[in-house]
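See structure below.
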Amino acid sequence: MSWKRWLLPYVAASALLVGFQASPAAETLNLLLYDLVASLRETQHSPDDGAITVVGIDEADLKAFKWPIPDRHLCGAIQRLETLGASAIGLDLYRDPIGTDSATCLSTLIQTNPRLISIHNMADAIPAIPGTPPRQQAFNDLVVDSDRVVRRDLVHVGGQSEAVRSLPLRLLETARGNPNLHRQLEALPAEIWLQPQSGGYQRLDASGYQTMLPVHPPGRFPIVSLRALLSGRVDASSIQDRIVLIGSTAPSLKDQFEIPQSRLDQGERFLALPGVELHAQRLASLQALLRDGQAPIRTASALQRHLLLAVMLLLGIAIAERPHRIRRSSLLLGLSALALFGTSVLLLLEGVWIGIALPLSGLILFGSTGILRRGAISQRHQQEMARLLGQATSPAVAQQLWEQRADLIQDGRFAGREQPVTILFTDTCHFTRVSEQLSPAALMDWLNAGMAISVDAVTSRGGMVNKFTGDGMLAVFGAPISAGLERDASQALEAARAIQTGIARLNRDLQARGAWPLKLRIGIHSGLVLTGSLGSRSRLEYAVIGDTVNCASRLESLDKDRHQGWVRVLISAESLSLAGVNPKDDAVIDWGEVHVKGRTEPLRVFEWRDQVNVETAINDTPQGSSPATEN
């Protein structure tokens with residue numbers, strides 16, 4: 001086969017894969033798998049290991065204090081937190097920069113309390129509390145994917161002024177008294193941070209220092225209400241030496257964000273996470289990053305993804321091309337796809353995201369392309385073999401023939417050669433008499449019913465129907481390829497026994513309808529024959545010629561009147577011996593040595609008699625007719 005013909009389907013598959021990569025579908029599938037695994041990981045709340053507390057302004061607080069919350073209440077809450085020993089306080093609320101008398105307390109408080117952090121928004125240009133020192137300012141911008149789900153965190157933006165710090169980073173710097181934590185982040189290895197094609201992303205805006213954020217459902221950190229804090233009903237242990245964030249948790253304020261678990265949650269209410277809780281989770285993730293020196297969720301780099309894709313493409317080609325049987329290739333392809341999917345899920349559960357949409361699609365696409373190509377070729381092979389052989393063979397034999405075509409076929413035809421085979425001849429009894437009683441259409445149906453049984457019995461056992469001889473057929477076991485002399489003979493005898501059983505079953509149905517039953521004679525002989533393609537380019541026939549063929553034909557027609565049962569099987573001593581059958585078997589009847597036409601030496605002949613087949617052959621003609629012996 002030309003390498004160009006082999007390569008062309010894979011080139012087409014590559015084009016489809018490139019189109020899939022350019023579409024949003026690849027990233028969408030990767031994100032869907034990411035969300036699925038995130039939901040599996042969060043069957044229960046994770047332990048609180050970040051010394052973080054949230055003061056959540058809930059619906060009851062809004063009812064008690066109105067919205068926006070007056071600054072005097074916020075100032076009172078901040079002073080209460082300072083008294084209880086909070087290590088840092090983040091006010092995740094925007095305040096009107098114009099201010100009033102009540103706003104003055106926040107401006108004054110933030111200039112006298114270095115542990116208080118005020119947020120500003122870079123994207124929407126919302127400033128911090130007026131008068132806030134640069135070291136007490138932080139941006140609270142959240143990174144949202146194109147499907148509006150929060151999966152990653154903008155940890156830091158380098159090369160900016162002192163006031164440009166992320167809220168988690170500023171809070172941690174304040175709590176630890178270390179204003180240079182950002183330098184520690186900038187010194188971490190570059191592979192920690194997200195790139196445009198990290199994990200399952202295709203074209204990510206990876207500006208700044210970003211990592212994947214291990215988002216948890218609501219309730220990961222202790223939450224106290226603003227009412228409880230102002231009324232003194234908060235235990236000091238939940239505040240002392242802890243980082244405290246003040247923000248909205250009330251759904252009516254719509255400071256809620258979709259998280260990976262939102263897409264697959266089956267609850268009555270839509271699952272969303274308040275922004276203040278997201279900042280708390282960002283803070284916990286940052287603490288883990290600085291502690292471990294690596295991101296909580298690591299991602300495969302673009303190079304690693306490309307290598308994995310290349311491996312999967314090669315694996316798909318190998319699976320499609322290497323196994324001899326297409327069915328085995330299909331099975332291996334399915335198992336490999338499941339293994340890749342399962343491995344990616346297990347890795348993600350352990351905190352490693354590789355993004356398998358492209359590798360998995362490439363494996364399936366290239367494997368399926370190769371399997372389909374082989375299937376089309378196999379079909380052509382069978383058609384070509386059918387053309388050369390002229391008659392029926394099983395798909396398995398046709399495949400073996402094609403695999404050995406270099407040794408068997410020369411110049412588009414089977415080369416002549418001498419080889420040992422087992423020949424099986426069949427003929428239909430009293431065909432002439434039946435043809436006088438039935439219409440041509442009915443006669444053909446009657447004859448084909450028996451032929452179907454005989455052909456299936458032969459081809460299913462590795463034989464080849466070489467030709468049909470009117471109301472009979474010539475079958476060959478061992479040509480063009482042999483399963484072994486003993487195996488060929490054994491399969492021929494098995495086919496004859498299957499014909500006996502099938503014809504007996506058919507005749508029960510025919511007699512029940514008052515139709516003519518079928519009677520067959522079979523002759524089996526083993527020996528050398530000459531095989532090869534016979535004819536011209538316009539018409540070729542696979543010929544099987546020699547004394548062995550003649551002997552099998554003579555056995556079939558021997559002593560026609562000596563016939564018990566529906567199907568008489570005469571087999572030569574040569575075939576019986578090769579088949580491994582004991583001549584003294586109860587089913588074997590010794591006919592002795594007989595002389596057949598065209599042969600000087602006698603043949604030792606045996607009959608294989610199926611007793612059940614004989615006992616059921618009570619009447620071989622419809623009621624009112626007499627049996628015929630001609631033909």
Item to complete: Whole number in Å², please: accessible area per residue of region 485-604, 1.4 Å probe, ligands, DNA and RNA not counted.
Response: 48
Practice prompt. Please report Rg over Rh for region 497-609, where both radii come from the alpha carbon positions and Rh follows the Kirkwood definition.
Written response: 1.06
Worksheet item: How do 212-220, 285-293, 474-482 rank on mean C-beta neighbours within 10 Å, highest first?
Response: 474-482, 212-220, 285-293
Item to complete: Enumerate the calculated ³J(HN,Hα) couplings along region 293-302 in order (Karplus 6.51 cos²θ - 1.76 cosθ + 1.60, θ = phi - 60°), each rounded to whole Hz, writing x wherever the residue is Gly or Pro.
Response: x, 8, 5, x, 10, 8, 10, 5, 7, 4
Worksheet item: What do you get for Rg/Rh over region 216-268 if you use C-alpha atoms and the Kirkwood form of Rh?
Response: 1.04
Discussion item. What's the whole-number percent of alpha carbon pairs in region 564-603 lying beyond 15 angstrom?
Written reply: 50
Worksheet item: Amide H to amide H, which residues 5 or more places from residue 115 or on other chains are under 5 Å from it, using H placed in the peptide plane?
Response: none
Worksheet item: Once you sort the root eigenvalues of the Cα gyration tensor of region 491-556 as a ≥ b ≥ c, which label holds: rounded (a/c under 1.5), prolate (a/b larger than b/c) or oblate (the other case)?
Response: prolate
Worksheet entry | On Cα atoms only, tilt of 275-292 relative to the major axis of the chain in degrees | 80
Discussion item. Can you give the longest run of the chain that contains no GluC sites (Glu not before Pro) sitting in a DSSP loop with at most 14 other Cβ atoms inside 10 Å?
Written reply: 351-629
Worksheet entry | Cα-Cα pairs of region 261-339 separated by more than 19 Å (percent) | 67
Worksheet, complete the sentence: Over the Cα atoms of the chain the radius of gyration and the largest Cα-Cα distance (Dmax), both in Å, equal 42.8, 132
Item to complete: Label region 166-245 by shape, choosing from rounded, prolate and oblate, from the square roots a ≥ b ≥ c of the eigenvalues of the Cα gyration tensor; if a/c is under 1.5 it is rounded, and otherwise prolate applies when a/b is larger than b/c, oblate when it is not.
Response: oblate
Worksheet item: Can you give me the relative contact order of region 104-157 as a percent, contacts being Cα pairs under 8 Å and 6 or more apart?
Response: 28
Discussion item. Through the Karplus equation 6.51 cos²θ - 1.76 cosθ + 1.60, θ set to phi - 60°, convert the phi angles of region 134-144 into ³J(HN,Hα) values in whole Hz; use x for Gly and Pro.
Written reply: x, 6, 10, 9, 7, 8, 10, 4, 10, 8, 10
Practice prompt. Go ahead and estimate [θ] at 222 nm for the chain from helices alone: -39,500 (n - 2.57) per DSSP H run with n ≥ 4, summed, over the residue count, rounded to 500.
Written response: -14000 deg cm²/dmol
Fill in: Kirkwood Rh (inverse of mean 1/r, distinct Cα pairs), region 89-196, angstrom
15.0
Worksheet item: Quick one: with all protein chains in place, what share of the accessible area of the chain is carbon or sulfur, to the nearest percent (1.4 Å probe)?
Response: 53
Practice prompt. Search the structure for amide H atoms under 5 Å from the amide H of residue 579, placed 1.01 Å from N in the peptide plane, and list their residues when 5 or more places away or on another chain.
Written response: none
Worksheet, complete the sentence: Two pseudo-spin positions, 7 Å from Cα along C-beta at residue 343 and at residue 238, lie apart in nanometres by 4.7
Item to complete: Rounded to whole Å and ordered largest first, report the semi-axes of the equivalent ellipsoid of region 190-345 derived from its Cα gyration tensor (root of 5λ).
Response: 45, 19, 13
Practice prompt. Kindly identify region 419-492 as rounded, prolate or oblate by the Cα gyration tensor criterion: order the square roots of the eigenvalues as a ≥ b ≥ c, call it rounded if a/c is under 1.5, otherwise compare a/b with b/c, prolate if a/b is larger, else oblate.
Written response: prolate
Fill in: C-alpha long axis of helix 25-41 to longest principal axis of the chain, angle in °
70
Response to the item:
For region 518-591, listing trypsin sites (Lys or Arg not before Pro) in a DSSP loop whose Cβ sees at most 12 other Cβ atoms within 10 Å gives 537, 539, 562, 584
Discussion item. Taking amide H atoms as placed 1.01 Å from N in the peptide plane, list the residues 5 or more away in sequence, or in a different chain, whose amide H sits under 5 Å from that of residue 520.
Written reply: 429, 567, 568
Discussion item. Angle check, please: helix 71-84 long axis (alpha carbons) against the longest principal axis of the chain (alpha carbons), in degrees 0 to 90, nearest 10.
Written reply: 80
Item to complete: Kindly state, as a whole number, the per residue volume in cubic angstrom of the convex hull around the alpha carbon atoms of region 526-588.
Response: 124
Discussion item. What's the ranking of 444-454, 243-253 by average number of surrounding C-beta atoms within 10 Å, highest first?
Written reply: 243-253, 444-454
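The values are calculated or read from the model by the stated rules, or taken from the named source; none is laboratory data. Note that the coordinates shown come from a computational prediction; the quantities given were computed from them, not determined experimentally. We place every Cβ from the backbone using ideal geometry, glycine too, and count neighbours over all the protein chains shown. Side chains are part of the model used for accessible areas, which takes the heavy atoms of the whole protein and leaves out ligands, DNA and RNA. Shrake-Rupley method; radii C 1.70, N 1.55, O 1.52, S 1.80 Å.
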